[in-house]
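All remarks here apply to the structure that follows.
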Amino acid sequence: MAYTSAVEPLRAANTLSGRNLYDWWHAAPGGGSVRASNGVTILTEVEVGALTRRADRVFVCAGGNPAGFDDPALSRWLRALSRAGATIGGISGGPYILARAGLLEGRRCTLHWEHVPAFEERYPEIEVVRSLFEIQGNRVTCSGGIAALDLMLNLIEADHGPGLAAGVGDWFLHNQIREGLSPQRMDLRLRLGVRDPRLLRALAAMESNLETPLPREALAAAAAVSVRQLERLFRTLMSTSLHAHYLDLRLDRAHQLRRESALAPAEIAATTGFASADELSRAERRRHRRSAARRGDDTGAA
């Protein structure tokens, strides 16, 4: 999605303007054809390391687990392209590759929210904002997904005016070009189907405090209710307990870090509020048993 959202607006700009405003090429480590995670194959035309093709902007589009990717040759090439005057960008997990190449030092950046926790652990000196995209001079970072469409529409507007950008957005049924500072994630009300403002305040406090979990009293204070009232809100509106929901958030983050980072088990445990890797493992096993038991009940009922 991120790749297509980045390339298709350029094609549309050429078509709608009747001019060849944009040309693009593909490169990848190892060259040849590259198979995307959805099975689509992209044929590369440029060899990593080549500086023979002019490039105004170079975007690194990456998914999967960018934390586990390390290619010194690619890093050298990106630095060389930057020295040659190209604007360097990263899309979705691409900013991870830029950071590894030393191209985000002293810069503010964004990347897909799923990669943010691991990125912040690996590069604490780089300021991360949870926006759709960031344009800072000759560095551009984008959170991915359809946010790449918004980024490209903004770049098309800067290059060729708002009329063409609006035309491209309209062609793709994208009737509102979002600004870079727009939030990445869906509002909690929509994401969790919760409308009660008291419960929403507590939920937001939980999501912001996974490394050092807040006590029930602090969450109740944030919600401006008593602990008993907050527990009742969770039971009534979330069909779970306050403790169980908070624990699930921390376990989900641990699972995400294990998948998206190279952090050691003890580091993952510390980052998600567990005293040790063993404590985290026990909590994960208990959740797995509960899930298995519920699936067994559902199967029996069927």
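The figures follow:
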read-out: Degrees between helix 197-208 axis and first principal axis of the chain (Cα, 0 to 90, nearest 10); value: 70
read-out: Relative contact order (percent, whole number), the chain, Cα cutoff 8 Å, 6+ residue spacing; value: 14
read-out: Residue 267-residue 289 FRET efficiency (beta carbon distance; Förster radius 22 Å; 0.05 resolution); value: 0.30
read-out: Helix 147-160 axis, angle to the chain major axis (alpha carbon atoms, nearest 10°); value: 30
read-out: Convex hull volume per residue in cubic angstrom - Cα atoms of the chain; value: 177
read-out: Translational D in µm²/s for the range 206-302 (Stokes-Einstein at 20 °C, 1.002 mPa s, Kirkwood Rh from C-alpha pairs); value: 145
read-out: Mean separation of Cα contacts under 8 Å, 6 or more apart, over the residue count of the range 188-294: relative contact order %; value: 20
read-out: Listed residue (145, 168, 51) projecting farthest to the positive dipole end of the chain, Cβ model; value: 145
read-out: Over the range 2-171, relative contact order from alpha-carbon pairs under 8 Å, at least 6 apart, %; value: 22
read-out: Inter-site label distance for residue 76 and residue 20 at 7 Å from Cα along Cβ, in nm; value: 3.3
read-out: DSSP bridge orientation in the chain - percent antiparallel, rounded to nearest 5; value: 35
read-out: Within the range 129-203, chymotrypsin sites (Phe, Trp or Tyr not before Pro) in DSSP loop having at most 16 other beta-carbon neighbours inside 10 Å; value: 172
read-out: Tilt relative to the chain, helix 277-301 - C-alpha long axis, 0 to 90 degrees, to 10; value: 80
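Just so you know, all these numbers are worked out from the coordinates, no wet-lab data involved. Just so we're clear, the structure is a prediction, and the values are computed from it rather than from any experiment. Note that each Cβ is placed from the backbone with ideal geometry, even for glycine, and that neighbours are counted across all protein chains shown.
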